[in-house]
Amino acid sequence: MKKLVYFSGAIFSSITVLSVLFKMLHLQGATILLAVGLGGIALVFIPAFAKYKYDKRK
């Protein structure tokens, strides 16, 4: 679980930062990258992180 949390956090935050750079440079695909990055953070990283912290506390 720890590897999933760290890997998904690193990948989706990198995608989000890259999409912001694409938006600033007006490059194609920025909106899709932003949706994937933020969606991944919301749907994968946050639930995995919450479960990891909950299991660690027990």
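Every number here is computed from the coordinates shown, using simple stated rules; none is lab data. Since the structure is predicted, the reported quantities are computational estimates derived from the model, not experimental observations. With ideal geometry, Cβ positions are generated from the backbone for all residues, glycine too; neighbour counts draw on all protein chains shown.
When the listed pairs 2/58; 3/53; 23/53; 3/23 are checked against a 25 Å cut-off, the alpha-carbon distance exceeds it for 23/53; 3/23. Compute the angle between helix 30-40 and the longest alpha-carbon principal axis of the chain, please, reported from 0 to 90 degrees and rounded to the nearest 10. The answer is roughly 10 degrees. Placing dummy labels 7 Å off each Cα toward the beta-carbon, the span from residue 58 to residue 46 is 2.3 nm. Mind checking the angle between helix 46-57 and the chain's longest principal axis? C-alpha axes, 0 to 90 degrees, to the nearest 10. Computed tilt is about 20 degrees. Relative to its residue count, the chain spans a Cα convex hull of 53 Å³ per residue.
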